[in-house]
Amino acid sequence: MDITLDKQSTTDGLIKIKLTESDYQPKVEEKVKEYSRKANIKGFRAGMFGKSILVEEVNHLISHSVSDYIKDNHLRILGDPLPNQEKARTIDWDTQKSFEFEFQVGMVEDFQYELSPKVKLKSHSIEVNDAVIQETLADMRQRFGQVTYPEVSGENDNLFGEVTGSDGEKKSSYIPIAKVENNEQKKFLGLKKEEEVEFEIEKISTHSEVVARALNLPESEAKNAKGKYTLKISTISHVEPAELNQDFFDKVFGNGVVKSEEELLNKIKETITENYKRETEHLLDHEIQHFFVDHTKINMPDAFLKSWLKATSDGKVTDEILEKEFNDYRNTLKWDLIKNKIADDLKITVEPEEVKGKAKLLIAEQFGGPAIAEQLGDKFDAIADNYLAGQDGKGQNFMRLYNQLRQEKIMKAILEKATVTEKKVSLDEFRNIAAEHQH
């Protein structure tokens, strides 16, 4: 067997394989004998199965040879090798003794990245002020309040119905009138069920979450929404806020956790702070990704990747989809390459016991805390093992937690070496910054 790489550029190449009869014939003859022993059929002739066995063995040999060549030569490839189908179709399996195959590959050469105090990152921590606490308390009182259904809409009511845009598409809609801009509220007041109201979406609110609910869109799309819409009302609801009493405290945080308004406000602040901390960390992860993708030079095999995506998608990836989504896909691949190189360079590993420990923590949280581990004793290990194996036994939960732990270690290593500046921002400022980082 002769296998070579025809390197056409730094990112594109052809793996060429030449097979002679001596490369595959011993295996073919062995398989034919095996078939003849099993096929105890009168009149069995090796030729009846010889061609299919030949094709099977050559394909098996080619597949393993390409994989071994890539591994042995430390080629960093993206996607999978693409066979030259036109060349393969010219093969005459009845008469040929020697065969030639070609596989197109997309490669990435070694690259350098910056990981030092020169890497400047900004962490945006959300200020938990009285306004945020009071807004959260108001939302809680609404959530646990008494619901009524008035005949006519008022300024503290909620409208549910079907919204229609200029394209005629109908979607379910929810509009809390109190969150509509003051100068637009009037048109939503005094309405009854089955009545319609027309509005310009960009005028009713500057908050993307309000627009998202009104048009039943993801927030990332809602911030760009424009135009006239018509709402046909199906339901009007009014929520009388819950009273600040022990019954309310217990419903929100559990029996006896909070016993006064002062304790309630402190608990709300603690909860918000913890939630915002997670949001801050998530946004910082995006900031890190953007920095390394934007500041690390990697020559990517774009033409190959587009061909590979189309060839392996069963017709689902079209030129139109590639036009819209290829840059995002390319940047995700680039970030994966950078993360993998950082992990290799810093010798970042995740041991099976770490994954099992993470699984136990998750299971304990689902069942109310660490006490469950003591109650279950030795059975806790078996429960964790079953969870990691997953429903089909293929270990999808193991791989999910493994990748999560590995990502956390990589991010921690980056933050230990980079320079991170903290900036306190309001909730609205944070939302605007987060919207800019949407992928």
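Points to keep in mind about this one:
- Along the chain, the exposed loop sites are GluC sites (Glu not before Pro) outside DSSP states H, G, I, E and B with at most 15 other Cβ atoms within 10 Å, and the longest stretch free of them is 244-439.
- Extending 7 Å from Cα along the Cβ direction at K51 and again at E114 yields two label points whose distance is 6.3 nm.
- Approximating the spin labels as points 7 Å out from Cα along Cα→Cβ, the E353-to-D336 distance works out to 3.1 nm.
- Residues of the stretch 218-259 with amide N under 14 Å of a point placed 7 Å along Cα→Cβ from N266: 257-259
- Taken as entire DSSP H runs, the helices of the chain that both span 27 Å or more between Cα atoms along their own long axis and average -1.0 or more on the Kyte-Doolittle scale are 47-72, 396-417.
- Three-way shape label, the stretch 174-320, alpha-carbon gyration tensor, a/c 1.5: oblate
- Once the Cα-Cα distance is subtracted from the 0.36 nm per residue extended length, the E416 to L5 segment shows a gain of 143.9 nm.
- Estimated translational D of the stretch 252-383 in µm²/s (Stokes, Kirkwood radius over Cα pairs; 20 °C; 1.002 mPa s): 106 µm²/s
- Directionally averaged shadow of the stretch 269-311, computed from the convex hull of its alpha-carbon atoms, nm²: 4.7 nm²
- With loop membership from DSSP and a limit of 14 other Cβ atoms within 10 Å, the longest segment of the chain without trypsin sites (Lys or Arg not before Pro) is 119-191.
- Cα gyration tensor category, rounded, prolate or oblate, for the stretch 102-191 with a/c compared to 1.5: oblate
- Pairwise centroid distance, computed over Cα atoms, of the stretch 278-314 with the stretch 403-424, Å: 18 Å
- Per-residue SASA remark: T332, around 70 Å² accessible (1.4 Å probe; ligands, DNA and RNA not included).
- Total lysine pairs in the stretch 215-287 at Cα distances under 27 Å, for residues eight or more apart or on different chains: 11.
- Normalised per residue, the volume of the convex hull around the Cα set of the stretch 82-150 (Å³): 362 Å³
The values are calculated or read from the model by the stated rules, or taken from the named source; none is laboratory data. Note that this is a predicted model, so its numbers are computed, not measured. Please note: Cβ atoms are built from the backbone with ideal geometry, for glycine as well, and neighbour counts cover all protein chains shown. Calculation scope for accessible area: heavy atoms of the full protein, side chains included, ligands and nucleic acids excluded. Shrake-Rupley method; radii C 1.70, N 1.55, O 1.52, S 1.80 Å.
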